[in-house]
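Encoded as structure tokens, the structure appears first; notes follow it.
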Amino acid sequence: LIYTIIVASITVKIDRKIIANNIQKSFQEAFSIDGDSSNKIENKVGKEDKKPKKEAEKLNIGQTITIGDVMELTLESSEWTDEIKPSNTSDFYTYYEDKEGEKYFVIKGKVKNIAGEDLDLDYVNQSKIIVNDTYKADVRFEAEESDGTSFYADVKPLQTLNFVAYASLSDEAYNICEKIRCDLDIVNDSAHMKEFFSNNTPHDSFYIEFEN
């Protein structure tokens with residue numbers, strides 16, 4: 001029995017007046033009028049201090065990492081597979097079915113929530129894999145329910161659950177694959193766990209490489 005997950009789309013209404021005001025404010029901050037009679041414009045763009053980008057940390061299978069005050073993540077194994085099944089298939093369970101012409105690349109492990117509220121694992125990261133330095137695909141993170149029968153769990157505070165991180169690629173990408181790099185950007189501040197992930201979200205960056 002296969003369940004199909006339907007994700008409700010979210011429509012965000014944007015007030016044009018707010019956008020216009022923000023643009024005007026940004027312009028005024030970028031350019032200020034000097035007080036002398038020449039009304040000289042002083043360009044302030046680019047004068048703000050830029051923090052150097054932190055280099056991504058290399059990970060290995062078998063490693064456990066602590067990510068800020070959000071989670072502990074243990075990477076246990078990786079594989080190519082046609083289907084992604086949970087750990088408990090002894091009775092009723094749900095899984096990600098085989099898609100014609102595609103294969104899944106999967107990383108399995110355990111996650112412990114060390115934050116003070118429920119953790120939606122897929123919501124706090126922005127990750128991708130790259131095959132042969134060229135072919136890219138988004139990576140999804142899902143935690144198993146505590147009974148091991150499905151992948152729809154939020155991780156409760158101080159709870160440890162199994163997880164999968166997976167990407168779906170074409171059979172052709174699988175057939176020519178020589179190496180894989182997985183880039184992981186994961187929120188490291190629990191105060192930002194419920195926000196939409198963006199480049200400005202406080203996060204740690206990691207990568208892990210595999211030879212096929």
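The values are calculated or read from the model by the stated rules, or taken from the named source; none is laboratory data. Because the structure is a prediction, the values reported are computed rather than measured. As a convention, Cβ positions derive from the backbone with ideal geometry for all residues, glycine included, and neighbour counts pool all protein chains shown. Just the protein is used for accessible areas: all its heavy atoms, side chains included, with ligands, DNA and RNA removed. Shrake-Rupley method; radii C 1.70, N 1.55, O 1.52, S 1.80 Å.
Among the residues that make up segment 202-211, is at least one of them aromatic (Phe, Trp, Tyr) and either in contact with a Gly (Cβ under 6 Å, 6 or more places away or on another chain) or open to solvent by 60 Å² or more (accessible area, probe 1.4 Å) (or both)?
Keep residues of segment 202-211 that are aromatic (Phe, Trp, Tyr), which gives 206-207, 210.
Among the residues that remain, those that are also either in contact with a Gly (Cβ under 6 Å, 6 or more places away or on another chain) or open to solvent by 60 Å² or more (accessible area, probe 1.4 Å) (or both) are: none.
So far as segment 202-211 goes, no, none of its residues is aromatic (Phe, Trp, Tyr) and either in contact with a Gly (Cβ under 6 Å, 6 or more places away or on another chain) or open to solvent by 60 Å² or more (accessible area, probe 1.4 Å) (or both).
Looking only at segment 102-123, decide whether some residue is buried (at least 21 other Cβ atoms within 10 Å of the Cβ), on the phi < 0 side of the Ramachandran plot, at pLDDT 95 or above and of a type in the set (S, T, N, Q).
yes
All but one of (1) open to solvent by 40 Å² or more (accessible area, probe 1.4 Å); (2) within 20 Å of residue 93 (Cβ to Cβ); (3) outside any loop (DSSP other than H, G, I, E, B); (4) not hydrophobic (A, V, I, L, M, F, W, C) hold for residue 166, so report the exception by its number.
Condition not satisfied by residue 166: (1).
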